[in-house]
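Input: a single structure, listed below in structure tokens.
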Amino acid sequence: MDFNVGDKVIYPNQGVGVIQDVCLRSIAGRQEQFYLLKITSNNSTVMIPVANVDHVGLRRLCSNTQLDGLFDILRGDFSTPNPDWKNRYKDNLEKMRTGSIFEVAEVLKNLYFLSYQKSLSFREKKMFDRARQLIVSEIATVKGEDIAQIELQVDSILADAYQRTAAAGGTV
């Protein structure tokens, strides 16, 4: 996948970034091409070898059609999480690493519902916050809307899904 200077992209588990430059660097005596990526959430800069783009999961922002699918996931029914926190954490970590907005949405949703059953562990709370930030920042960037407004929208969708599941006698 080729990107150009100025393209907004998603760097898995880091969020929205902007391609600042495409440059050549000499590594171990070999010329290699890199994308210089500025992560918008923390203003950090990352260099990603062009040859490794697929491996690291760098991708374009989702489309408006994909956003509809994302909202469908967030609105959907809740499923009972794995009771073993180690396996649950491992599964969620793998989903976060994929960089797929849909996988991250499932992590967010599952941890949201789990937080009503019991207190999240420190690691799960941190993962919940990260998943929420990744979802909100991508939606806000795609829609061109304010992050605070999108946070309210996402929180409202999750709360409605929780209430619907609870009212239906679901496992919450």
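What pairs come out if I take residues in the stretch 143-172 that are part of a helix (DSSP H, G or I) and pair them with residues that are of a type in the set (K, R) and surrounded by fewer than 16 Cβ atoms within 10 Å (Cβ to Cβ) whose C-beta lies under 8 Å away, six or more apart or interchain?
These pairs meet every condition: I150/K143; I157/R75; D160/R75; A161/R75.
Could you list, in sequence order, the residues of the stretch 103-151 that are over 13 Å from the mean Cα position of the chain (by Cα), buried (at least 17 other Cβ atoms within 10 Å of the Cβ) and over 19 Å from T40 (Cα atoms)?
N110, L111, Y112, F113, L114, L120, E124
Being more than 20 Å from K125 (Cα to Cα) and either modelled with pLDDT of 95 or more or in the same structural domain as I19 (by TED's automatic domain parsing) (or both) is true for just one of F71, F102. Which residue is that?
Criteria check complete, one pass: F71.
Pairs under 8 Å by beta carbon, first residue among the β-branched types (V, I, T) in the stretch 76-87, partner surrounded by 11 or more Cβ atoms within 10 Å (Cβ to Cβ), six or more apart or different chains?
Once the first residue is among the β-branched types (V, I, T) and sits in the stretch 76-87, its partners that are surrounded by 11 or more Cβ atoms within 10 Å (Cβ to Cβ) give T80/T171.
Looking only at the stretch 82-108, which residues are basic (K, R) and over 22 Å from A161 (Cβ atoms)?
K86, K90, R97
Scanning the stretch 15-68 for residues that are hydroxyl-bearing (S, T, Y) and closer than 21 Å to K95 by Cβ, which turns out modelled with the lowest pLDDT?
Step by step, filter the stretch 15-68, then rank; the result is S41.
Considering every residue within the stretch 110-126, establish whether at least one is closer than 25 Å to D54 by Cβ and either out of contact with any Cys (no Cβ under 6 Å at 6 or more places or on another chain) or assigned by TED's automatic domain parsing to the domain that holds N13 (or both).
no
Any residue at all in the stretch 114-126 that's out of contact with any strand residue (DSSP E or B) (no Cβ under 9 Å at 6 or more places or on another chain), in a helix (DSSP H, G or I) and either of a type in the set (V, I, T) or under 22 Å from C62 (Cβ atoms) (or both)?
Narrowing the stretch 114-126 to residues out of contact with any strand residue (DSSP E or B) (no Cβ under 9 Å at 6 or more places or on another chain): 114-126.
Remaining after also requiring in a helix (DSSP H, G or I): 114-117, 122-126.
Then keep just the ones that are either of a type in the set (V, I, T) or under 22 Å from C62 (Cβ atoms) (or both); that gives none.
Within the stretch 114-126 (the criterion being out of contact with any strand residue (DSSP E or B) (no Cβ under 9 Å at 6 or more places or on another chain), in a helix (DSSP H, G or I) and either of a type in the set (V, I, T) or under 22 Å from C62 (Cβ atoms) (or both)), the answer is no, since none of the residues qualifies.
The values are calculated or read from the model by the stated rules, or taken from the named source; none is laboratory data. Note that the coordinates shown come from a computational prediction; the quantities given were computed from them, not determined experimentally. Glycine also receives a Cβ, built like all others from the backbone with ideal geometry; neighbour counts cover every protein chain displayed.
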